[in-house]
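Okay, structure first, notes after.
The values are calculated or read from the model by the stated rules, or taken from the named source; none is laboratory data. Note that the structure is predicted; figures quoted are calculated from it, not measured. Heads up, the Cβs are rebuilt from the backbone with ideal geometry, glycines too, and the neighbour counts pull from every protein chain shown. Surface accessibility is based on the protein's heavy atoms, side chains included, excluding ligands, DNA and RNA. Shrake-Rupley method; radii C 1.70, N 1.55, O 1.52, S 1.80 Å.
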Amino acid sequence: MGKEIEKLQQIIDTHDNIVFFGGAGVSTESGIPDFRSQDGLYHQKYDYPPETILSHTFFMRKTEEFYKFYRDKMLCDTAQPNAAHRKLAELEQAGKLKAVITQNIDNLHQMAGSRRVLELHGSVYRNYCTRCGKSYDFAYIKQSQGVPRCTCGGVIKPDVVLYEEGLDNDTLRASVDAISRAQVLIIGGTSLAVYPAASLIDYFQGDDLVVINKSPTPRDRYANLLIQEPIGQVFSQIAVR
């Protein structure tokens, strides 16, 4: 992996408009399960498939069942940022990284110190009343029982994009703008299987496309640099200068 790291280091050293686009693989090294690996949530047994439970229809019709799964599998407050999260925050502080665009909902980029984080699928750390819009934090949902309700009586919903729901337009526009302006786009820890998020890559017109992912992705053949290793291990070898 030495030559690949050297090339990545050179790319980072010679550019100051880098954008990172990441997915579940960025967080698995922090102990958060992904969905599609052999040990992921799609391969575990529940009364309903995870993709059914995490849908808008299921949330509306079987809200209590939704929250049983959600509290059990989606609310992980013990995870800590890993080497990838920390290095990306350092690159931003050094003026090299202009944005982190993430499909994750775990807040780990912010915990590591990243400031410009575009969360395509929302965050488990934000929740709101579906009736009056009042905001509730992570702890409120974690400690609640059954269906969490607002002081007004309305049902509280996580600010995460469920299946059947559209992405936030402002976040999409900001992501398209960042990618289209970037000199370097680093894709990391994502199979690029989830749309429309994965289609944002089409807006990249810069110098170097870097793909860092343990398994193949549809963009591998377009990459100037392809590293099929755990992303935390890769970034731990990068110097910020």
Nearest 20 debye, what's the magnitude of the dipole of the chain about its Cα centre given +1 on Lys and Arg Cβ and -1 on Asp and Glu Cβ? 440 debye
Restrict the search to region 92-127; then list the trypsin sites (Lys or Arg not before Pro) that DSSP places in a loop and that have at most 13 other Cβ atoms within 10 Å of their Cβ. ARG115
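Give the peptides 210-218, 15-23 in descending order of average Cβ contacts within 10 Å, highest first. Show your work: numbers first, answer last.
Values: 210-218: 19.0, 15-23: 23.0.
Highest mean packing first, the order is 15-23, 210-218.
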With every protein chain left in place, what is the accessible area per residue of region 98-188 in square angstrom, probe 1.4 Å? 45 Å²
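Run the dipole for region 100-241 about the Cα centre, Lys and Arg Cβ at +1, Asp and Glu Cβ at -1, nothing else charged, and hand back the magnitude in debye, nearest 20.
Numbers: 14 positive and 14 negative charges, 86 e Å.
The dipole of region 100-241 has a size of about 420 debye.
How large is Rg/Rh for region 64-103, to two decimals, with Cα atoms and a Kirkwood Rh? Show your work: numbers first, answer last.
On the way: Rg = 15.3 Å, Rh = 12.6 Å.
Using Cα coordinates only, the ratio equals 1.22.
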Give me log10 I(q)/I(0) at q = 0.16, 0.18, 0.26 Å⁻¹ for region 200-241, Debye formula, one equal scatterer per alpha-carbon, no solvent. -0.48, -0.59, -0.98
Could you grab the relative contact order for the chain? Cα pairs under 8 Å, six or more apart, rounded to a whole percent. 25 percent
Place +1 on the Cβ of every Lys and Arg and -1 on the Cβ of every Asp and Glu in region 142-241, take the dipole about the Cα centre, and give the residue among GLN183, GLY153, GLY166 whose Cα lies farthest towards its positive end. GLY153
Between ASP177 and ARG149, what's the calculated FRET efficiency when r is the beta-carbon distance and R0 is 41 Å? Round to 0.05. 0.60
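Mean residue ellipticity at 222 nm from the helices of the chain, using -39,500 (n - 2.57) per DSSP H segment of n ≥ 4 over the full residue count, to the nearest 500 deg cm²/dmol? Walk me through the numbers on the way to the answer.
Working: 10 runs with 77 residues, N = 241.
Theoretical 222 nm ellipticity from helices: -8500 deg cm²/dmol.
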Calculate the all-directions average of the projected area of region 50-175's alpha-carbon convex hull, and give it in nm². 8.2 nm²
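Out of all DSSP beta bridges with both ends in the chain, state the antiparallel percent to the nearest 5.
Numbers: 8 of 30 bridges.
If we restrict to bridges inside the chain, about 25 percent are antiparallel.
Given all pairs of different Cα atoms, what value in angstroms does the Kirkwood hydrodynamic radius of the chain take?
18.7 Å
Rounded to two decimal places and with Rh computed the Kirkwood way over Cα pairs, what is Rg over Rh for region 123-241?
Rg divided by Rh gives 1.10.
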Can you pull out the GluC sites (Glu not before Pro) in region 103-207 whose DSSP state is coil and whose Cβ has at most 16 other Cβ atoms within 10 Å? GLU164, GLU165
